[in-house]
Amino acid sequence: MKQRKVEIIESAIALFAEKGFHSTSIQDITDHAGMSKGAFYNYFSSKEELMVALFHFYNDKITHRISEIEGQNLPPRETIKRQMIALFTSFTEHKNFIIMHFREQNSTINEEMRKHMLKTQYKSMKWLEKNLLALYGEGIIPHLGDLILMAQGLQNTYIRIFVFDDQLLQPEALAEFLLQRLDDIVEGLKKKNSVMISSDNLENLFSRLHLHSEQSLQDTIHQRLFTMAQTMDSLPLSAEKRDEMKSVIEFLLSENEKETPNKMVFQGMLANLKGIKELESDRKDIARIMGIELL
């Protein structure tokens, strides 16, 4: 992502955390970033579009950290513990983002932003489902719905304390404490054999949170493009070629954030990524999802 765009995002997040989304103007953001309003409109058409890009920007950073740990093939308990530590550490590094998230999550910003927040919640629940099953085994399935909701509730409550006073709680200690409490909950659920939210009810909840299939596909495309950008950093390309390819990906990321991405635009821009074998798998996946032929 271009440095000027990052500067706009970082200025916006600081002001949104301090003043709130509605009380912050585009002029406030550009003054804080030390640039003109014209420069702002080179990257974003509105404050609402900036907000969506901002959430993608920080969520991608956190997702990248979590994915790196997942690829280390550690035992389930060590995996989830390290991922929790990475999550809490990220939150302290990006306090303004989390403060803004807590402040604005119930605000009526716009429909696109509400959908994005719900999809983020869905992904968080699926992450918990995967990790809890790996940690406690299939015997927990009857209680999985309750366990996920209680785990998420515990985590979110402590995150609020952690963000506002990062000296009170340490990432390593908090991760271990939460895992021990989950052990206690699992033991109690199995002992009493009580169920409040069944697995079927959980799946229905997931379906509602996952929203429309078209939105889900846009999430998948976003992830493929994000992966391509990461892959490109490790390729032996000239600086000029790398900048050119990254500009293409940034353009496609922006196009994908629209309510209805233009298939012809995707078809033309994906052609610019042809010939790099390390990107070909993701390029083909995006074309398949979009229902277009590669040029």
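Each reported figure results from applying straightforward, stated rules to the coordinates on display, with no laboratory input. Because the structure is a prediction, the values reported are computed rather than measured. Note: ideal-geometry Cβ built from the backbone for every residue, glycine included; neighbour counts use all protein chains shown.
Given 37 °C and 0.692 mPa s, compute D for the range 213-290 with the Stokes-Einstein relation, Rh being the Kirkwood radius over Cα pairs; round to the nearest whole µm²/s.
On the way: Rh = 12.6 Å.
Stokes-Einstein gives a translational diffusion coefficient of 261 µm²/s.
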Response to the item:
Any lysines whose Cα falls less than 28 Å from that of Lys241, other than same-chain ones fewer than 8 residues away, would be Lys2, Lys5, Lys61, Lys258, Lys263, Lys274, Lys277, Lys284
Worksheet entry | Where labels lie 7 Å past Cα in the beta-carbon direction, separation of Leu235 and Glu48 in nm | 3.5
Worksheet item: Among Leu235, Leu54, Leu135, which one shows the biggest mean-square fluctuation in a GNM of the chain, springs joining Cα atoms closer than 10 Å?
Response: Leu235
Response to the item:
For volume of the Cα convex hull per residue in Å³, with candidates (i) 138; (ii) 153; (iii) 207, the value calculated from the shown model is option (ii)
Worksheet entry | In order through the range 125-133: 3J(HN,Hα) via Karplus (6.51 cos²θ - 1.76 cosθ + 1.60), integer Hz, x for Gly, Pro | 5, 5, 5, 5, 4, 4, 6, 5, 5
Item to complete: Can you spot the lysines whose alpha carbon is less than 25 Å from Lys192's alpha carbon? Ignore those fewer than 8 places along the same chain.
Response: Lys130
Response to the item:
Taking Cα atoms only, helix 239-256 is inclined relative to the longest principal axis of the chain by an angle, in degrees rounded to 10, of 70
Response to the item:
Rounded to the nearest 500, the 222 nm mean residue ellipticity computed for the chain from DSSP H runs (n ≥ 4, each -39500 (n - 2.57)) alone is -25000 deg cm²/dmol
Practice prompt. Please turn the phi angles of the range 74-85 into ³J(HN,Hα) values with the Karplus equation 6.51 cos²θ - 1.76 cosθ + 1.60 (θ = phi - 60°), one per residue in order, whole Hz, x for glycine and proline.
Written response: 8, x, x, 5, 5, 4, 5, 5, 5, 5, 4, 4
Discussion item. Between 0 and 90 degrees, rounded to the nearest ten: what's the tilt of helix 47-70 against the longest Cα principal axis of the chain?
Written reply: 60
Practice prompt. Give me the angle, in degrees from 0 to 90, between the Cα long axis of helix 171-192 and the longest principal axis of the Cα atoms of the chain, rounded to the nearest 10.
Written response: 50
Practice prompt. Could you please state, rounded to a whole Å, how far the C-alpha centre of the range 259-295 is from the C-alpha centre of the range 36-69?
Written response: 22
